[in-house]
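Report on one structure; see the data block that follows.
The values are calculated or read from the model by the stated rules, or taken from the named source; none is laboratory data. This is a predicted model, so every value here is computed, not measured. Here the Cβ positions follow ideal geometry from the backbone for every residue, glycine too, while neighbour counts run over all protein chains shown.
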Amino acid sequence: MNALIIVDVQNDFMPGGSLPVPNGDSIIEVINRVEEKFEVIAATVDWHPAGHNSFASSYKGKKPFDIININGRQQTLWPDHCVQGSKGAEFHPGLETRPIEAIFRKGMNPDIDSYSGFYDNGHQKSTGLAGFLREKKADRLFICGLAGDVCVYYTVLDAIKEGFKAVMIEDAVRPLDIQEFENIKRKLSNIGSDIVKAIKIYPVST
Ligand SMILES: [Zn+2]
C-alpha cells in the first residue's frame, strides 16, 4: 500500500519564517491535491525545545549556518526555528491537515538534532514512524515537504534503510540550496529512490 509522508510543512520554513526555504509555500497546493490519492497519510514536524543545541543562539560567537562539531557529529547551526508551541512550529495554514492520520514530532531532545522523520541524527531514538507505517501495511512511501536537501533527504534515506520503497514527489519538495539538491536527487536515484511529479501519482491500494 502507498503512504504519503509530509515532512515539516511548518511556518518557520516558509517565506517570512525564521528559516525560510525559497518558494516553500509553492508546494502547499501540490500536496493538498495529492492527498486524496492516499489511504495513509502521516506528517512530521520539527518540534524543538527553546535553547536547542542546533540553534546558533545557543552558542556565544556563533551564527546561523556555521558548522560545529558536537559529540563527533557535524552540526549545522540554524536560526531558532519550530520552537514547541510557537506559531512558527504550526503547519502552514493553507495545508489541508484533515486527512493526516498521524503526526510525528522530532528534534525534541535538546541535545541532538533530528532531520529524518524516522530517527534523530545519531540514529539513537526512533520517532515511531516506521512502526506506524508497517502496522498500516504501507510499503511504498511518497515523500514530500521541506527542506528537500535536509529533512526530506534524510527521511528518504531512512525510508530506504528501513526497507520501504521511497518515492520523492519532486514538485512537492523545495530545497534550501538548489545546487546541492541536484546532487541529492542524483544520489537518491542511484540508491533506488524514484523521483516523480505529482501528476504521475495514481491511487494504488494494493
Ligand atoms: Zn530543526
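Tabulated values for the structure
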quantity	calculated
Set LEU157, LEU146, LEU141, LEU188: member being within 16 Å of the ligand (Cβ to nearest atom) and either in contact with a strand residue (DSSP E or B) (Cβ under 8 Å, 6 or more places away or on another chain) or aliphatic (A, V, I, L, M) (or both)	LEU146
Set ILE100, ILE143: member being in a strand (DSSP E or B), at pLDDT 95 or above and among the β-branched types (Val, Ile, Thr)	ILE143
Residue that is closer than 30 Å to PRO203 by Cα and touching a Pro at 6+ places or on another chain (Cβ under 9 Å), where the choices are ASN32, ASN23	ASN23
Any hit, region 126-134, residues being hydrophobic (A, V, I, L, M, F, W, C), under 24 Å from GLU101 (Cβ atoms) and touching a Ser or Thr at 6+ places or on another chain (Cβ under 9 Å)	yes
Region 103-140: number of residues that are part of a loop (DSSP other than H, G, I, E, B) and without any contact (Cβ under 8 Å) to a residue 60 or more places away in the chain	13
Any hit, region 187-205, residues being in contact (Cβ under 8 Å) with a residue 40 or more places away in the chain and part of a helix (DSSP H, G or I)	yes
Filter result for LEU146 (touching a residue at least 24 places away in the same chain (Cβ under 8 Å), within 16 Å of the chain's Cα centre (by Cα) and closer than 24 Å to ILE178 by Cβ)	yes
Residues of region 70-94 that turn out to be of a type in the set (A, V, I, L, M, F, W, C) and in a strand (DSSP E or B), as a count	4
Count - residues of region 42-98 that are surrounded by 12 or more Cβ atoms within 10 Å (Cβ to Cβ) and charged (D, E, K, R)	6
Residue count, region 95-124 (criterion: more than 16 Å from the chain's Cα centre (by Cα) and of a type in the set (S, T, N, Q))	2
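For (1) touching a Ser or Thr at 6+ places or on another chain (Cβ under 9 Å); (2) within 24 Å of GLY192 (Cβ to Cβ); (3) modelled with pLDDT under 95; (4) more than 16 Å from the ligand (Cβ to nearest atom), each residue gets a yes or a no:
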position	(1), (2), (3), (4)
ASN32	no, no, no, yes
PHE55	no, no, no, no
CYS82	yes, no, no, no
GLU90	no, no, no, no
LYS137	no, yes, no, yes
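Residue-by-condition table, conditions (1) closer than 25 Å to CYS144 by Cβ; (2) outside any loop (DSSP other than H, G, I, E, B); (3) out of contact with any Leu (no Cβ under 9 Å at 6 or more places or on another chain):
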residue	(1), (2), (3)
SER18	yes, no, yes
PRO22	yes, no, no
VAL34	yes, yes, no
THR44	yes, yes, no
GLY51	no, no, yes
LYS60	no, no, yes
ILE68	no, yes, no
